Amino acid sequence: MTTTSTPPSATEPTGAGDERRTFASINPATGDVVGVHPVHDEDDVRAAVARARASAGWWADLGFAGRREVLTQWRGVLTRRLAQLGDVVHQETGKPHGDAQLECTLTIDHLAWAGSHAEKVLGRKRVSPGLLLANQAASVEYLPLGVVGVIGPWNYPVFTPMGSIGYALAAGNTVVFKPSELTPGVAHWLADSLREVVPDHDLLQVVTGFGDTGAALCRAGVDKVAFTGSTATGKRVMAACAETLTPVIVEAGGKDALLVDEDADLDAAADAAAWGAFANAGQTCAGVERIYVHERVQDRFVELLAERARTVHAGVDVDAKIGPMTMPGQLEIVRRHVDDALSRGGRAVVGGAEAVGDRFVQPMVLVDVPEDSAAVTEETFGPTVTVRKVRDMDEAVELTNAGKYGLGSAIFTAKSGEDLARRLRTGMTSINSVISFAGVPSLPFGGVGDSGFGRIHGPDGLREFTYAKSVTRTRFKAPINLTTFERTPEQETTVATLLLALHGRASQLPKLPRRPLETIRGRRRN
Ligand code: NDP
């Protein structure tokens, strides 16, 4: 059993040791206790937010260069202790060490990008004031919001929350992080490592507990909440945030489709499909959950995918490429989806109802599954995938877009694929690969529809944690001052003439006769 430490300034629960006030994080592969953590209540959360607020000014005032330096040091610590962090992830999620390391690797790369690009994206820029206000110097910059609350999931307990935490910090905010109750040890490890770099300020604090602790964070006066989890909880988070008009980002999972065209490299498509569907035991928000294949290549594709699926198994042995289901309750969801698919005419080419065990789910390839079954419409979050034959890519696009989610998608084709990508109603698309968009730090990550809104990663991900500050400065006295009661009708006529020259040619419709100046003057005198 590992011990976890709360940040030195974190509030310790009054009844430590009392069962009502602590909970254990469990290794889902073995059932062993990994660590014991406090259940933070509303007062604890408010206290953490107050500490974060007290440090926010110092952090914002450090400026881009100072913050970049701190984040660079932190990234160095994460890199040098990669194996240690990966091990905590492995213990709390059950995923193989290699997958844990991959998630941490991508996180470090994102942190580097956020730290080094914050100034370019958010720093003050002069903008054109336009002709009408040519006497003004205009500028815009993106200022930190203050304190950001991050509510994270368990499936990628480093990569996913750090997509908000790293970018929010780089933008000049301090952060209070409520991890999933399944992965609190990972969260503490991250916060403790940053505290080693900056011991005297509360840049990143962790509050642990269940849904109530997350709900308390939404109501604790933070300036924004970044939530990742289910659509249903996302709605509850939004409702809580609405009470105080706290803005929110919702990253709520998906039902990502992979499209395989008749001219695709089928080996590459099958290899990517297997990884996209089964890696991390399918517990990936942007994982491949359904596949639409051109009818001319469907049979061969299914053969190739099945071959690969048979080489992957879930377990704890050294050859196991995937681990257990991290959240025990997820097994029931996977079982329901598979049973529904099979009872409605679906066929398991690999796996079947017996592939859903007590802790592990073995890879499953399902064909002939009706499009309105839960296995096609709802997020399964397990190592299962449905494959359906389509007439052409138009039908594949139509079926993809019929879903309520719109997170990511993938296309395999010999053509450029870009036109097809634009027709898919998803926030992100990979052409001839799967999920690559998540690893590119300069690309925004997020979806549409039931997948939520807002973006992490990339320039948009930095701006999410800021507000735009616009400033104008008068450079010289304008020949025509628009913002004064001294404005004369003659000047208004000049402005109208100027406007006609500037924008009048945009329309071919005849202009209506202008009222003579005298009538306007007459009206004013009355
Ligand atoms: P939830 O949406 O229930 O939880 C996500 C996070 O929100 C957790 O930290 C959770 O805390 C917290 N939370 C729960 N209730 C509230 C609340 N009322 N207010 C504020 N925060 C709250 O996801 P689950 O972990 O239960 O997984 C359920 C489903 O969500 C899965 O089946 C999967 O489909 C989807 N999911 C999607 C993910 C994605 O990456 N998009 C990630 C994880 C899950 P706690 O864990 O302590 O309850």
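The values are calculated or read from the model by the stated rules, or taken from the named source; none is laboratory data. Note that the structure is predicted; figures quoted are calculated from it, not measured. Virtual Cβ from ideal backbone geometry, glycine too; neighbours counted across all protein chains shown. Accessible surface is based on the protein model in full, side chains and every heavy atom, while ligands, DNA and RNA are left aside. Shrake-Rupley method; radii C 1.70, N 1.55, O 1.52, S 1.80 Å.
Brief remarks on what is shown
- Extending 7 Å from the Cα toward the beta-carbon at both Arg296 and Asp43 defines two label points whose distance is 7.1 nm.
- Measuring nothing but protein heavy atoms, the accessible surface of segment 155-244 at 1.4 Å probe radius is 55 percent carbon and sulfur.
- Lys, Arg +1 and Asp, Glu -1 on Cβ, resulting dipole of segment 292-404 about Cα centre, debye, nearest 20: 200 debye
- For the chain, share of DSSP beta bridges that run antiparallel, in % to the nearest 5: 40 percent
- DSSP beta bridge pairing in segment 283-400, given as percent antiparallel to the nearest 5: 30 percent
- Positive-pole candidate from Leu366, Ala506, Ser164, dipole of the chain, charges at beta carbon: Ala506
- Per-residue packing, averaged as other Cβ atoms within 10 Å, sorts the ranges 349-360, 180-191, 459-470 into the order 180-191, 459-470, 349-360, beginning with the highest.
- Charge-dipole axis of segment 172-278 as Lys and Arg at +1 and Asp and Glu at -1 on Cβ define it, positive-most pick from Thr213, Val198, Pro184: Thr213
- Residue pairs exceeding 28 angstrom between C-alpha atoms, taken from Lys255/Lys389; Lys235/Lys321; Lys125/Lys477; Lys321/Lys404; Lys95/Lys120: Lys235/Lys321; Lys321/Lys404; Lys95/Lys120.
- Full-stretch length increase - Asn481, Ala134 - with 0.36 nm per residue and alpha-carbon distance subtracted: 123.8 nm
- Environment charge of Ala478, counting only residues whose C-beta is closer than 12 Å and scoring Lys/Arg +1, Asp/Glu -1: +2
- Peptide packing: for 481-489, 204-212, 258-266, the average count of neighbouring Cβ atoms within 10 Å per residue gives the ranking 204-212, 258-266, 481-489, highest mean first.
- Antiparallel DSSP beta bridges within segment 221-365, percent to nearest 5: 15 percent
- Unit Cα scatterers, Debye sum, segment 390-440: log10 I(q)/I(0) for q = 0.31 Å⁻¹: -1.35
- Surface composition of segment 103-145: carbon plus sulfur atoms contribute 58% of the solvent-accessible area (1.4 Å probe, protein chains only, all chains present).
- Taken per residue, the accessible surface of the chain reaches 45 Å², heavy atoms only and a 1.4 Å probe.
- Placed amide H near Val206: partners under 5 Å, 5+ positions off or other chain: Phe177
- Inverse mean reciprocal Cα-Cα distance (Kirkwood Rh) of segment 147-294, Å: 16.8 Å
- Dipole magnitude of segment 259-321, debye to nearest 20 (Cβ charges: Lys/Arg +1, Asp/Glu -1, about Cα centre): 280 debye
- Ellipsoid equivalent to the chain - semi-axes via the Cα gyration tensor, in Å: 47, 34, 20
- Student exercise, segment 75-152 dipole from Lys, Arg, Asp, Glu Cβ charges, in Debye to nearest 20: 400 debye
- The chain: calculated mean residue ellipticity at 222 nm from DSSP helix runs of at least 4, using -39500 (n - 2.57): -12500 deg cm²/dmol
- Within the accessible area of segment 281-426 (1.4 Å probe), percent carbon and sulfur: 47 percent
- When the Cα positions of Ala306, Val376, Ile151 are compared along the charge dipole of the chain, Ile151 comes out farthest toward the positive end, with charges on each C-beta of Lys, Arg, Asp and Glu.
- For the pair Arg347 and Ser116, the difference between a 0.36 nm per residue extended length and the Cα-Cα distance amounts to 78.1 nm.
- Peptides ranked, highest mean first, by Cβ atoms within 10 Å: ranges 151-161, 365-375, 56-66: 151-161, 365-375, 56-66
- Taking 0.36 nm per residue of sequence separation and removing the Cα-Cα distance, the Asp61/Tyr467 pair yields an extension gain of 144.6 nm.
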